[in-house]
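Working notes, structure below.
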Amino acid sequence: MKQQTTRQKSATTRIPFDMPFLPLAMEFIDKGARGFGYNDRETGGLVLAMEELFSFYVRQAALGSALEIELEDQGYRLALTICFRTANPDMRAFNLTWNVNPDSEESLDMLGPMIAARSVSSLRLDFGSDEQVALHMTRDRDYPPAGAVALPPSGASGTLRLSEPSADDLRHFAAMAVASGAPFIPPFLLRPGMAADMLDAGHLNAILVTSGDWIVGGLLWRPLTDTCLELYGPYLFSDDPDDRMLTLLLDEATGRISHSNCRGFLRRQGPLAGHERFFDFLGDLELSGISGATANNTYYYRQLKEESGGVVYCGGALSTFLGNQYDRLCLPRQVRETVVDHSRLRDASVLAVELEYARSLAIIRPLCAGKDMAANLTAHLNLLRGEGIDNFLVEINTGCFEDTAFAAALEETGFVPRLLIPDAGRGDLVIYDHSDGTLPS
Amino acid sequence: MNLDILIPDYVRSFQVYTPSRPDHLLMQEYGTPLLHRLNNNENPLGPPPAAASVIAAFSPARAAIYPSGDSYDLCAALGERFGISPDRFLVGNGSCEVISSVIKAFCQPGDNIITADKTFAVYEWVAGFSGIEARLVPLLDYAFDPQGMLDRIDRKTKILFVCNPNNPTGSCWTNQVLIDFLEKAGEERIVVVDEAYREYVEDPGFPDTIALMDRFPNLVVFRTFSKMYALAGLRCGYLAGTAEVVDMVRRTSVAYSVNVQAQQAALAALSDDAGHIAATRALVKEGKMFLRGVCNNLGLETVGGEGNFLMIKTPINDMLMYRRLMKRGMMVRTMTGFRFPGWIRVSLREMAVMESFAGALEDEIRSIRK
Ligand SMILES: Cc1ncc(COP(=O)(O)O)c(C=O)c1O
C-alpha cells in the first residue's frame, strides 16, 4: 500500500482553553488554512467550526487546561484536530443533545457541534485515555465537477493490461466513471481532481485496466476503519465477456490488499452478479434519499486473514442476530449470553454522532454506556429528526463492552441489527438501522 | 518511550504473519470434534524409522547440554551423502533461518532481491522487514519466469530466489532452464534455489544443483527436513553452497540455533530414507491422482505438479471456503495471501484423510451450487 507522501504539512499550537483565547484559535485556523493555500470558503468553514466547538466545549474543560490544535494539509483536504482535558465528570455534556430543547428554535441555534458539523466535511468526537477528548474534523477542498470525456468505442477489444494509475490517469478515469453513468459513484470520483489528490496523498489506491490506448475499467480502495478497507467498483467502460476485466481487477486488488494490515474489505454499492466468487454477502441496507427515493446498498465482504476467532459477551436480540450471522458466515466466534447489570453502569451514557447532510444520514456510535442509554438514544433521534435527518445507523463493536451494553436500549428504541461486518472494528462491527418512522414514546 | 523514533519505517509498515492457533482452540471455535491439517504440507507418515527411534530414545539428561553449535555431525553426514566437504553446509533452525542469514549476508538497505509474486512468501518477508526491496515477478503459466526475473536485475540486485518446485503451484525448472538462467544472471549476484520439496520429485531432468555449483559458484541451495523427512516440529533445514559463500553466510547466523534432538533426528533420517521416500512418494502420488479425479468430477480446476500439495479453484472466495471446510474439520491453506485469491492449497495425505476431505468438499460444493 502506498505510503503517505511528504506533501503532508501541518501546523500545531497549544493555547489556554479559555474564552479570551477564542480569537487566537480562530486566527490560527484562518492564517494556517490560507497559508496552506485554501480559499475563503474552505477556510471559513473550518474557522466557523472552531468557533462553535471552542465556545461549546470550553465549559467542559478542566480549569487552566490547554487546547492543542493541529491543522494538517492533506492535499485534498484540511484535517483539524483539537484536544483538551475535561474537568466535568458529567459525561452527558459530550452528547449532541446536551442542554438542547428540540422544541425551541433558539435552543437549536445554540447547538455548536451541529453548526460545526454542517460547516465541515466530517466531524468526529473521540475519548482518549486520561480524560482526553479529541475532536477530528476535515474540510475538503472545493473541486470542480467532472467535465465531459470520451468513453471507449463499443466493440473495442485488445489485450487487457493492468496498470497503476498516475494522478493524471486517475483524474481521467474518474471523469470516465462519471461519464459512464455508473451508479454508486462516491463523492471523490464525482470531483476528479479530488480523486487525483487523494491518490497523491496516499489516501486512495487504484488499479486500472487498459486495452490499447483506452482505459477500459478500474477499481479503487481506501481505508474505512483501522482494520477494514472499502472497495469502489469495478467500474467497467466496455463489454466484459466472461468477466475477464472484473476478475482481473478483483483478483489483483485482493492479492495486493492481502499484504497490507487490513483484515478484510467491504464493498457497499449495488449488487454484483457472481459476487460469490469474490465476496461474502453481508446484507442490504436501505437509506431514504433527500429526494424521497431510497438507495439500496448491498454489503459484500472479503476476509483476508485466516485467523479470526473471538468471544462476544452480549444478550437479547443482539446475541440471536450474532449467532445467526456467525453461523451463516461460518465465523469462529463464541457468543456468551450476558445480562448487563445496570446498577453498575455510570449514570450518563455518551453517543458520538457523525453527520452526513448530503445523505441525510447520522451514524451514531456509543462512546460510553450508562443508565440512561435508551433515553439518550431517544433524545438523539428527536433532535436529529428535528434537524431534518432521515436515516439513522448505529455502529457497535462486538469486542467492546461499552458498545454491546447498548443492545437492550437499541432494541427498546426501535433499532434493528441489520449487518455484521467481520473484524472491522474492535471485534466485528454490527450496524443497526432504525426500523420505521415512528418515534418511540 | 517514542517507538516512532526507534523503529525504522520498513519495520513499522511490515505486516506480521499470524500463525494459526493451536488445534484445540480452532476445534472449539469452529465447533468441530476433529481437525485434519491439510494446510502446511506436512508428511503424515512421520519421520523415517531410524529418526523416529532416535526421538523416542531421547534422554532428558541430554536436554541439559548445549547442542553442537555448528551441527558438526549432521554437516559431516550431508557431506558424505552429496560427496562434498562438510563446510559447504550451513544448518539452520528450519530453512527459514537460512533464508534470513543469506539476505543478511549479501544485502544492505538500498539493495534488492528478485523472486516471484506467487511463491513461498518468506523471501519477500525477510527482505521487507530488513529494508531490502523485494522485486516480485509475475508467474508465467503458473511457473517462475526466468526472463521476467532477469529483466528486473540491476546494479543493486544481490539475490534471485527461485522456489523449485514452486510452492504452491508445483511447477519446476529443468536442469537446462536453470543452467540458462545461471548463465544469464551472471556471477555478480547470488542465485538461491529453494528445494524444500525436491525429495518429492522423481523426474530425472530435475537439476542436480550441488553438482552445478562447480560451474556456478554463486549458486546456493536450500533444503529442509520439514517436508519429506517429517521433522517440521523439530525445525531443521540447511543450505549448501561453495565453501566461500557458506563461510560468508555463516557470519550472519547464530551458532547453537539448531537443537540437539533436531540434529540427532535429521542425522538418523538421512541414514534411513530410501524406504521412507519411496513410501511417501507413493502416498502423494495416490492422493494427488485421487484428489484430481474428485475435482474433475466436481468441475473444479486444479493446478499441481511436483510436491505434496494441490491447488484447487473454488467457486466461492477462498476465505469462506476455508471457514466452511474448517467447520467440517478440514484445514486447508487459503491462497489469497499467496496472491491467488479464489484458490485453496490442499496438502496430500494418506487416503483415509483424502477421502474424508473429498467427502467434505463434495458436500460443500453441492450446497454452494444448490
Ligand atoms: C518452499 C519452502 N521453503 C521453505 C519452507 C520452510 O521450511 P522450514 O520448515 O525448513 O523452515 C517451506 C515450508 O513451507 C516451503 O514451502
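Out of every Cα-Cα pair in region B:120-183, what percent are more than 15 Å apart? Tail of P(r) above 15 Å: 54 percent of Cα pairs. Across region B:286-370, the volume of the C-alpha convex hull divided among the residues equals 82 Å³ per residue. Note on B:R12 and A:Q334: the model spin-label points, each 7 Å out from Cα along the C-beta direction, lie 3.8 nm apart. Under the rule a/c < 1.5 gives rounded, and otherwise a/b versus b/c splits prolate from oblate, where does chain A land using the Cα gyration tensor? Oblate shape, in that a/c is at least 1.5 and b/c is the bigger or equal ratio. Working value for the protein assembly as shown: equivalent-ellipsoid semi-axes of 53, 30, 28 Å, each the square root of 5 times a Cα gyration tensor eigenvalue, largest first.
Distance from the C-alpha centroid of region B:121-198 to that of region A:117-132: 49 Å, rounded to the whole angstrom. Magnitude of the charge dipole for region A:9-140, about its Cα centre and with charges confined to Cβ atoms of Lys, Arg (+1) and Asp, Glu (-1), is about 320 debye.
The Rg/Rh ratio for region A:9-140 is 0.96, where Rg is the radius of gyration of the alpha carbons and Rh is the Kirkwood radius. Taking other C-beta atoms within 10 Å as the exposure proxy, A:K9, B:K370, B:K313 rank B:K370, A:K9, B:K313 from fewest upward.
Given a Förster radius of 51 Å and the C-beta distance between A:A148 and A:F281 as r, what FRET efficiency does 1/(1 + (r/R0)^6) yield to the nearest 0.05? About 0.90, to the nearest 0.05.
Can you compute the label reach from A:E164? Point 7 Å from Cα along the Cβ direction, backbone N cut-off under 16 Å, restricted to region A:245-277. Taking a point 7 Å out along Cα→Cβ of A:E164, the residues of region A:245-277 whose backbone N falls under 16 Å are A:252-260.
Set the Cα radius of gyration of chain B against 2.2 N^0.38 Å, with N its number of residues, and you get 1.00. Across all directions, the shadow cast by the convex hull of region A:280-382 built on its C-alpha atoms averages 8.7 square nanometres. Where only DSSP H runs of four or more residues are counted, chain B gives -12000 deg cm²/dmol as its mean residue ellipticity at 222 nm, each run worth -39500 (n - 2.57). Whole Å is fine, so just give me how far the alpha carbon centre of region A:331-381 lies from that of region A:270-287. When both Cα centres are located, 27 Å separates them. Modelled spin-label separation between A:A87 and A:D242, with each label point placed 7 Å from Cα along the Cα-to-Cβ direction: 7.3 nm. For region A:358-441, the spherically averaged projection of the C-alpha convex hull amounts to 5.4 nm². Built from the Cα atoms of region A:160-303, the convex hull projects on average onto 8.8 nm², one quarter of its surface area. Counting only alpha carbon atoms, the long axis of helix A:244-257 and the longest principal axis of chain A meet at about 50°. Among the lysines of chain B, pairs that are 8 or more positions apart or on different chains and have alpha carbons within less than 18 Å of each other number 8.
Here A:R41 and A:R344 are evaluated by their C-beta separation; at R0 = 56 Å the FRET efficiency comes out at 0.70.
Spacing of the modelled spin labels on B:D87 and A:L24, each 7 Å from Cα toward Cβ, amounts to 7.2 nm.
Every read-out reported here was derived from the displayed coordinates using simple, explicitly stated rules and does not represent laboratory data. Small disclaimer: the values here were computed from a predicted structure and weren't measured. Because the Cβ atoms are built from the backbone with ideal geometry, glycine has one as well, and the counts that use them run over all protein chains shown.
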